[in-house]
Structures are given as C-alpha cells and as structure tokens.
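Participant: Please read through the structure below; I'll follow up with questions.
The values are calculated or read from the model by the stated rules, or taken from the named source; none is laboratory data. Quick caveat, the model's predicted, so the values are computed rather than measured. Cβ coordinates were reconstructed from backbone atoms using ideal geometry, including for glycine residues, and neighbour counts include every protein chain displayed. Surface accessibility is based on the protein's heavy atoms, side chains included, excluding ligands, DNA and RNA. Shrake-Rupley method; radii C 1.70, N 1.55, O 1.52, S 1.80 Å.
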Amino acid sequence: MIRTFGIIKLIGVGDPLQLSGGIAEALLNTAGGLVVGIPALVAQRYFFSKVDRMVMEMEEFAQLILNFLKD
C-alpha cells in the first residue's frame, strides 16, 4: 500500500494498472500474515488450556498432600 500511495502521489489515481501492483503486494502480505497468525493463535490457545489443566491437577494434588499431613 505504501508503494500504491507513492504512485498516487506521483501520477494521481488515473491509471488503475499502475496501482494494482502495490495493492496485490499488500494483499499477499496480508494473506501471509493470516497463514502464520491463525495457526499460531490456535496453538497458543491449545497450550494455554493444557497448562491450565496441569496447574489444576497440581493444585488438587497439593491439596491432597496437605489434607494427608493435617490428619
């Protein structure tokens, strides 16, 4: 988009063919970001939930140990 706005600054908005190169580049970069970002978000959610489950199990186990030591 920076390239597209640079072309608009130089020649105006008259020729869409000259503008399409910058727009296509911006769309490819956006698609690349989505290809990387969406799986990363899914993996983050998976691992955060896994850590939460492990923390809960450790807390339950610690509580069992404390109850055993109290008695």
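Participant: Does any residue in region 23-40 that is within 27 Å of Gly6 (Cβ to Cβ) come within less than 7 Å, Cβ to Cβ, of a residue that is open to solvent by 100 Å² or more (accessible area, probe 1.4 Å) and assigned to a helix (DSSP H, G or I) six or more places away or on a different chain, and which pairs are these?
Facilitator: Pairs that qualify, where the first residue is within 27 Å of Gly6 (Cβ to Cβ) and the partner is open to solvent by 100 Å² or more (accessible area, probe 1.4 Å) and assigned to a helix (DSSP H, G or I), are Glu25/Arg3.
Participant: While we're looking at this one, here's another question. Of Val42, Val36, Val51, which residue is among the aliphatic types (A, V, I, L, M) and open to solvent by less than 90 Å² (accessible area, probe 1.4 Å)?
Facilitator: Val51
Participant: Would you pick out the residues in region 9-33 that are open to solvent by less than 60 Å² (accessible area, probe 1.4 Å), modelled with pLDDT under 70 and assigned to a helix (DSSP H, G or I)?
Facilitator: Passing the criteria: only Leu19.
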